[in-house]
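What follows is a set of notes on a single structure, which appears directly below.
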Amino acid sequence: MNAPNQLNRSLGLRLVVVVVIGNIIGSGVYKKVAPMAAELHSSGWVLICWVLAGIISLFGALSNAEVAGLLANTGGEFAYYKRIYNRFFAFLFGWSLFMVIQTAAISSLAYVFAQSLNSIISLPPILSSLSDFNIRGVFYPFANFNVKLTAIMLIVLLTWINSKGIKTGTWVSTAILLLVFCGIFTIIIFGLSNTPYPIEKTFTLQTTTGTAVTFTAVFTAMLSAFWAYQGWAAIGYIGGEVKDANSNIPKGIAIGVILVIVTYLLVNTTYLSLLPISVLEEIYRSGNSIAAVEAVKSFWGSKGAIFISILILVTTLGCANATILASCRPYYAMAREGLFFSKVAKLNDAKVPVNSLLYQCVWACLLVLSGTFDQLTDMIIFAVFIYYGATTLGVFILRKKMPDAPRPYKVWGYPLVPAVVILFCAVLVINTFFSRPREAALGIILMLSGVPMYWWFNSRLNRKSKHDLSPSTDSSQSRL
């Protein structure tokens, strides 16, 4: 029997895999091949970057799986970092999740959902007269406000659904994921059977500009690929609700990530076999087109555009749902330890951290108004790879700190595999400072806003502890 303020352990391996894949497959599988083509100017190099990003993601997932198998608990990396590093670094991670990593992911997914809906039914314009209003020429909160308002409404709806219980949220994700896989493999089968030229031309390393591909271009393109792979670590956030978490979480991460890598390589090979690099570059420059839509239109015409728009709608709906479901759990874990707003530690009758969902909903809605899709995703990837590196470093630290602790899973290829991940994370973060300085700066500012917040939460916790320990004056007098 569960305690009244404890989460239920109700998810088995199948639903763990669903949550892993549901948190990964979102808008990136349809959109990100275009910015990669614009950066690399070569179809072969685009595929190489998808492969490299997949390998690094798998290495990172395997490293994370060892840590999760050893320390699985609600909150994911928040729980891990307390054991690996300290409470301050754990809090900084949780605060980064709230300020940018997970809430911006929810915002960007909801935004792409609304864009796709707009392409199907043409949403009526709202507050068009305020579309040029801006904050320092960077933020345009009322630009495309009809799309942004739809995104906000979706976030509110999915937050309400997930307040009904984790089983409700995961069954919604399962149903949506089945539809998504059917749709993606329909594109692959029909696309590869309708390619206008031999598929081997897809793998040319020649660039449309005639210049060599640079190291910086490869890493910048991989930012886009990593957005598409991002999300597998979210399963750790619900570790307190997984049956036999120490075994099922590592297995679920490995199975989920491998399935996604195979799917991404097949579908991007399909896009590149249907659309020349010059067309993908033009799609990126237009700002309003989606690569997958144009690819499907090339063999199904206008009916294909409707099909893919509906598929993007369903996919982003599923990923947004899975992200909302998992992401509120770390804030609940933080609040239980006095490191977040105390109301967030409350569970409703369905054993769901309902106030954590509410806080997350409000901030994600505000982020919808703050920027464009690519601004949000580049900012997320910069921030998340700092912590991917920190978790992977934890593999080495825990092997020294807890050498004899039982490990249900040990990372394959140790120490080479985790070392490669750490090195890659460091290079990607440094490269982002030079290739995307504004997004890197915004990410750092939002993350470091956690420093004064940690001091504030900690000082409140210390005052509460002192108050609880001090004897009551009234009770002393009554005893006299």
**Message:** Per-residue counts of other Cβ atoms within 10 Å, averaged by peptide: what ranking do you get for 98-105, 236-243, 174-181, highest first?
**Reply:** 98-105, 236-243, 174-181
**Message:** Under 8 Å for C-alpha pairs, at least 6 residues apart: give me the relative contact order for the chain, rounded to a whole percent.
**Reply:** 34 percent
**Request:** Round to the nearest 0.05 the FRET efficiency obtained for residue 410 and residue 258 when R0 = 30 Å and r is the Cβ-Cβ distance.
**Result:** 0.95
**Asked** Regarding region 295-377, what is the average projected area of its C-alpha convex hull, in nm²?
**Response** 7.5 nm²
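Which of the residue pairs 82/251; 167/346; 243/401; 31/167 have a Cα-Cα distance greater than 21 Å in the structure shown?
82/251; 243/401; 31/167
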**Item:** Å² of accessible area per residue within the chain, as computed with a 1.4 Å probe and no ligands counted
**Value:** 41 Å²
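Mind checking the full-extension length gain between residue 423 and residue 341? Use 0.36 nm per residue of separation minus the Cα-Cα distance, one decimal, nm.
Computed gain between residue 423 and residue 341 is 26.0 nm.
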**Asked** Between residue 458 and residue 14, what is the spin-label point distance in nm, taking each point 7 Å from the Cα along the Cα→C-beta axis?
**Response** 4.6 nm
**Listed values (i) 137, 76, 47; (ii) 94, 58, 43; (iii) 67, 63, 47, entry calculated as Cα extents along the principal axes in Å** = (ii)
**Request:** Please identify which residues in region 395-432 have an amide N closer than 14 Å to a label point set 7 Å out from the Cα of residue 265, following the Cα→Cβ vector.
**Result:** none
**Request:** With a/c under 1.5 counting as rounded, go ahead and sort region 106-230 into rounded, prolate or oblate using the C-alpha gyration tensor (a ≥ b ≥ c being the square roots of the eigenvalues; past the cut-off, prolate if a/b is larger than b/c, else oblate).
**Result:** oblate
**Request:** For a quick protection proxy, order the peptides 22-30, 382-390, 256-264 by their average other-Cβ count within 10 Å, most packed first.
**Result:** 22-30, 382-390, 256-264
**Complete:** Reduced to Cα centres, the span from region 315-369 to region 212-243 in Å works out to 21 Å
**Message:** Quick check: the distance between the Cα centres of region 46-118 and region 21-38, to the nearest angstrom?
**Reply:** 16 Å
**Message:** How large a share of the accessible area of the chain, in percent, is made up of carbon and sulfur atoms when the probe is 1.4 Å and the other protein chains stay in place?
**Reply:** 66 percent
**Complete:** 1/(1 + (r/R0)^6) with r = Cβ-Cβ of residue 216 and residue 441, R0 = 25 Å, i.e. FRET efficiency to nearest 0.05, evaluates to 0.90
**Fill in**
Extension length gain for residue 349 and residue 205 (0.36 nm per residue less Cα distance), in nm, is 46.1 nm
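The values are calculated or read from the model by the stated rules, or taken from the named source; none is laboratory data. Predicted, not measured: the structure shown is a model, and the values here were computed from it. Quick reminder, even Gly has a Cβ in these numbers, built from the backbone with ideal geometry, and neighbours come from all protein chains shown. Note: areas computed on protein heavy atoms with side chains; ligands, DNA, RNA excluded. Shrake-Rupley method; radii C 1.70, N 1.55, O 1.52, S 1.80 Å.
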